[in-house]
Ligand code: ATP
């Protein structure tokens, strides 16, 4: 399996380095034959090539089997004419990675004071309230006068149906329960269509229970009674916000793993940002990046019928679970280790004992 690795900005260099070490180790142990090819995007690329996405990068990603994208300083990239392309958008849109799968699970020993949860937010990734995703060229935010802005949201039946199908298929492998999160009381037409499309797809999955919750109420429900939820399907912006909340409820945003999947490609990318407030201090939690990489291995193994990839992914997950229980983690998860030391301790757990 060939994977392109782009470390990204902020804490990316630190967390992706740990994830790469873990991947190299499981590759040997499970004979995966991983071929990790390192390249750059984001600020490093802007400095070297004058653009956050250099020429030829998309072509090499398309030739590979998967992509690991570190966190990106999205907020810094404002002007595409100056080479400031948002790399997350570039790959999500360019590779049609429509399903952003963001699990949140409470780990024993995490020290979280919130109720335990085990759910997955399935977020539409290619349209919605994202100015850089909605239109073929230009953006969908307009400055009408110096004091008036109009921001457009795009919702299409096709995108609603395919994200719904991804959610229901995932639910079949879990507790068979999908919750549709929306704001159809205000966005009557767009979110009305989102609900309709989800319910139409639900008919193909008669064994899966389905209900819906308005997004603002969901913020309260998921804090108060997270055990009610299994798979949550929602539009782009709501999913982005809700998944940060569920990650933090599970212990830390530093545990927020995610995969962005389409029909042909997949990209592992932690759900959090570049965390400039803690970058370069060896305190960022690398588990979000490692668990994202593990999700990529599962995605590949399932598609290719290669169980060793799924086993390697499970070994990574299990090692992370054990490490947290043993407090071999960064301080956000109740441990005392640095990023590097957390990685080294994890490698020891993953190393073959025979
Ligand atoms: P960006 O502008 O790139 O989105 P941000 O700081 O605004 O960066 P996040 O990177 O998502 O947004 O960070 C939100 C908070 O969560 C910050 O306080 C950050 O330090 C913390 N955080 C994010 N990722 C991690 C991590 N891997 N380990 C520990 N804390 C993290």
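The values are calculated or read from the model by the stated rules, or taken from the named source; none is laboratory data. Keep in mind that what you see is a predicted model, and the values were worked out from it rather than measured. Positions of Cβ are generated from backbone atoms using ideal geometry, with glycine treated the same way; all protein chains shown enter the neighbour counts.
Can you confirm whether residue 36 is surrounded by fewer than 19 Cβ atoms within 10 Å (Cβ to Cβ), assigned by TED's automatic domain parsing to the domain that holds residue 284, under 22 Å from residue 262 (Cβ atoms) and touching a helix residue (DSSP H, G or I) at 6+ places or on another chain (Cβ under 9 Å)? Against the criterion (surrounded by fewer than 19 Cβ atoms within 10 Å (Cβ to Cβ), assigned by TED's automatic domain parsing to the domain that holds residue 284, under 22 Å from residue 262 (Cβ atoms) and touching a helix residue (DSSP H, G or I) at 6+ places or on another chain (Cβ under 9 Å)), residue 36 qualifies. Kindly indicate which of 201, 186 is touching a helix residue (DSSP H, G or I) at 6+ places or on another chain (Cβ under 7 Å) and either in a loop (DSSP other than H, G, I, E, B) or within 14 Å of residue 98 (Cβ to Cβ) (or both). After ruling out the rest, the residue left standing is 201. Limited to the range 216-272, what total is found for residues that are over 16 Å from the mean Cα position of the chain (by Cα), part of a helix (DSSP H, G or I) and away from the ligand (no atom under 16 Å from the Cβ)? Going through the range 216-272 one residue at a time, the tally reaches 12.
All of 311, 322 fail the test of being more than 11 Å from the ligand (Cβ to nearest atom), over 21 Å from residue 110 (Cα atoms) and either in contact with a strand residue (DSSP E or B) (Cβ under 9 Å, 6 or more places away or on another chain) or not in a loop (DSSP other than H, G, I, E, B) (or both), apart from 311. Cβ-Cβ distances below 7 Å connect the following pairs, each with a first residue in the range 269-291 that is assigned by TED's automatic domain parsing to the domain that holds residue 17 and within 15 Å of residue 67 (Cα to Cα), a second residue that is surrounded by fewer than 22 Cβ atoms within 10 Å (Cβ to Cβ) and at pLDDT 95 or above, and a separation of six or more residues or different chains: 291/317.
Being assigned by TED's automatic domain parsing to the domain that holds residue 308, farther than 23 Å from residue 285 by Cα, within 16 Å of the ligand (Cβ to nearest atom) and touching a residue at least 24 places away in the same chain (Cβ under 8 Å) holds for only one residue in 89, 2, and it is 89.
A single entry from 54, 43 fulfils the requirement of being in contact with a helix residue (DSSP H, G or I) (Cβ under 6 Å, 6 or more places away or on another chain) and surrounded by fewer than 21 Cβ atoms within 10 Å (Cβ to Cβ): 54. All conditions in (1) out of contact with any strand residue (DSSP E or B) (no Cβ under 7 Å at 6 or more places or on another chain); (2) under 30 Å from residue 87 (Cα atoms); (3) surrounded by fewer than 18 Cβ atoms within 10 Å (Cβ to Cβ) hold for residue 143, with the sole exception of (1). Restricting attention to the range 273-289, the residues that are more than 6 Å from the ligand (Cβ to nearest atom) and crowded, with 24+ Cβ neighbours inside 10 Å total 3.
Quick check: anything in the range 57-72 within 16 Å of the ligand (Cβ to nearest atom), surrounded by fewer than 19 Cβ atoms within 10 Å (Cβ to Cβ) and in the same structural domain as residue 267 (by TED's automatic domain parsing)?
Initial filter on the range 57-72 (within 16 Å of the ligand (Cβ to nearest atom)): 68-72.
Filter once more, so that each one left must be surrounded by fewer than 19 Cβ atoms within 10 Å (Cβ to Cβ): none.
The answer is no; no qualifying residue exists.
When every residue of the range 285-308 is checked against the conditions, none turns out to be out of contact with any strand residue (DSSP E or B) (no Cβ under 9 Å at 6 or more places or on another chain), assigned to a helix (DSSP H, G or I) and farther than 30 Å from residue 94 by Cα.
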